[in-house]
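One structure is given here, and the rest of the page talks about it.
What follows is calculated from the coordinates using simple rules that are stated; it is not laboratory data. Since this is a predicted model, take the numbers as computed values, not measurements. Here the Cβ is made from the backbone with ideal geometry for all residues, glycine too, and neighbour counts use every protein chain on show.
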Amino acid sequence: MAKPAPAEEEAAALRRRLRRSLAAVAAGGAVADVYDEAAAALEALREAELGTGGRKRGGGGEGRRPAAEEGEEKDAVPVPPQFLCPISSRIMSDPVIVASGQTYDRRSIEEWFSAGNQLCPQTQQALLDTTLIPNHLVRSMILQWCTENRFDLPPVENQEETNVTNSDQKTFDEIFKKITSSPKSTEIRQAVKDLRLITKQNSDFRAVLGERPDSISRMIFSRSNPGLQNDPQVLEDMVTVILNFSLHDSNKKVIGDDPEAIPFLIWALKSGDMGSRGNSAAAIFTLSALDSNKEKIGELGAMGPLIDLLDNSNIIAKKDAASAIFNLCLLHENKSRATKNGIVDVAMRAMDDQLLVDGSLAILALLSSNHEVVEMITEFNGAACMLCAIRESECSRSKENAVVVLFAICMFNRMKLKEVEADEKINGSLALLAQSGTSRARRKAVGILEKMKRNMHNRHMSC
């Protein structure tokens, strides 16, 4: 008798794994892990039999799904439109924000500017400032989607090979000499303001910090001048200088390693005016692109002040706070810090007030693997809130985040499952999402619908 081929043995093993998972579900294992295990087994079986998940050796360099081998069936999940560059229509490997607030892939927008164009391609707004700011939040969302869908994202080109000119070094040293050596508070105040302006306008100038790594501490110490200690404008200017320097990727570690920088930002986040607090949150967000900085920022106590800013500030500061909180919570230890500091309460109230719905949903979905968090969301009428978001949001990613939270609620709370079932009979929101949502949204929606069917079957059997 011929021995089964390795591929056939793998498929048979995966079928057994799937049957065990389904048996656990049928036996009443109503927990998220059981359903995720069944979904994972089904996905692995599909890949083994159809080859849909296999990566082609050599990799594609244009941000495309790896091509199927000869004889394989293609089953490509479409890239969410918000992840595509409006210029190239390709998935963004290095998303950046221009002065109009629009996001493009760095390579495409740089070619656009190099061709002499000075208008935003989407808004047609004149761009007097062509500074490009890395959109780390969008990139982290793209990376998460690529991982879930086995999509090859081309590596980011090295943008940090900036040659620091002698002129930049001279200008930097002249400004810092005034900041650190002048006895006159008016001269220090003006020098800090000048540094804020030049670090905003000249992205290449920011690279000088790498050669003068103690500069941030020296600037912070200059506030000990009696004429500057209680000056809110000086505080805001210094915070914004740190923010501008942090936009240069190689400076993130330099600033994170500075013993004064992060504590100073957190102090400004607690004690400054709205301008200082908002820019502190923005700086913390950019610095938190590094995991080592995420850990330091969390340990030094930034989460509480960030959540307070999310709760009590203007819309711009709220967005900066939400982005920082989301990035920090990508580190497991910071999730519990956010929960202890009341993020669920603040995020649910923000949704009720129709403020930062997308940002709040992203944070709640990130935290919803924790049973305690799900219970807290449920207490805030979370099921109805998530159903409303699924029906009314125009953002596919927000619909996905809402159904991720709803899935967790339904797995942990049978009474809420009945509430969702009643809503589904009227609105059919989950059935629609199961057909038209993102791959993750479809999977979660199907999981909830299957749970409803099993409950209905069990009720009929008991009658």
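Hey, what's the per residue convex hull volume over the C-alpha atoms of segment 321-389, in cubic angstrom?
Given the Cα convex hull of segment 321-389, per-residue volume reads 75 Å³.
Can I get the semi-axes of segment 360-405's equivalent ellipsoid? Compute them from the C-alpha gyration tensor as square roots of 5 times the eigenvalues, in angstrom, largest first.
17, 12, 6
Hey, any idea what Rg/Rh is for segment 164-319, computing Rh the Kirkwood way over Cα pairs?
Ratio value, two decimals: 0.95.
Could you please tell me the mean projected area of the C-alpha convex hull for segment 167-217, averaged over all directions and given in square nanometres to one decimal? Present the calculation step by step, with values, prior to reporting the outcome.
Working: hull surface 13.3 nm².
The orientation-averaged projected area of the Cα hull of segment 167-217 comes to 3.3 nm².
Rg/Rh for segment 119-242: what does it come to with C-alpha atoms and Rh from Kirkwood?
Computed over Cα atoms, the ratio is 1.09.
Which entries of K418/K453; K252/K335; K252/K294; K294/K335; K296/K319; K200/K318 have Cα-Cα distances beyond 18 Å here?
Numbers: K418/K453 11 Å; K252/K335 22 Å; K252/K294 11 Å; K294/K335 11 Å; K296/K319 22 Å; K200/K318 22 Å.
Violating the 18 Å limit, Cα to Cα: K252/K335; K296/K319; K200/K318.
Any idea how far apart R391 and E260 come out in nm if each label point goes 7 Å out from Cα toward Cβ?
5.6
Show the residues, 5+ positions off or on another chain, whose built amide H is closer than 5 Å to the amide H of I87.
D105
Q229 to K270: extension gain in nm, 0.36 nm per residue of separation minus the Cα-Cα distance?
13.2 nm
Cα convex hull of segment 214-296: mean projected area in nm², to one decimal?
Projected over every direction and averaged, the Cα hull of segment 214-296 covers 4.7 nm².
Hey, if you drop one equal point scatterer on each alpha-carbon of segment 378-463 and run the Debye formula without solvent, what base-10 log of I(q)/I(0) do you get at q = 0.17, 0.18, 0.22, 0.24 Å⁻¹?
-0.61, -0.68, -1.00, -1.18
If you take the alpha carbon radius of gyration of segment 252-299 and divide it by 2.2 N^0.38 Å, what ratio comes out, to two decimals?
Expressed relative to 2.2 N^0.38 Å, the Cα Rg reads 1.05.
HN-Hα J couplings of segment 430-446 from phi, Karplus 6.51/-1.76/1.60, θ = phi - 60°, integer Hz, Gly and Pro as x?
Using θ = phi - 60°, the values come out as 6, 4, 5, 5, 5, 9, 10, x, 5, 4, 5, 5, 4, 4, 5, 5, 4 Hz.
Tell me which GluC sites (Glu not before Pro) from segment 372-463 have a DSSP coil assignment and no more than 15 other beta carbons within 10 Å of their own.
Loop-located and lightly packed - E394.
Can you work out the FRET efficiency for the pair S185 and H332, with r the C-beta to C-beta distance and R0 = 35 Å, to the nearest 0.05?
Working from the Cβ atoms, E equals 0.20.
What residues from segment 243-273 fall in the zone where the backbone N is under 18 Å from a label point 7 Å along the Cα-to-C-beta line of D129?
243-249
Given axes a ≥ b ≥ c from the Cα gyration tensor, I'd like to know whether segment 296-448 is rounded (a/c under 1.5), prolate (a/b larger than b/c) or oblate.
Judged from the Cα gyration tensor, segment 296-448 comes out prolate (a/c at least 1.5, a/b above b/c).
For segment 173-232 and segment 115-133, what is the separation of their C-alpha centers, rounded to whole Å?
Cα centroid to Cα centroid, the span is 30 Å.
Given a Förster distance of 25 angstrom, what is the FRET efficiency for D311 paired with E372, based on the Cβ-Cβ distance and rounded to 0.05?
0.80
Karplus couplings for segment 85-98 from phi (6.51 cos²θ - 1.76 cosθ + 1.60, θ = phi - 60°), rounded to Hz, Gly and Pro as x?
Listing the rounded values in order: 5, x, 8, 8, 6, 9, 4, 7, 8, 9, x, 9, 9, 9 Hz.
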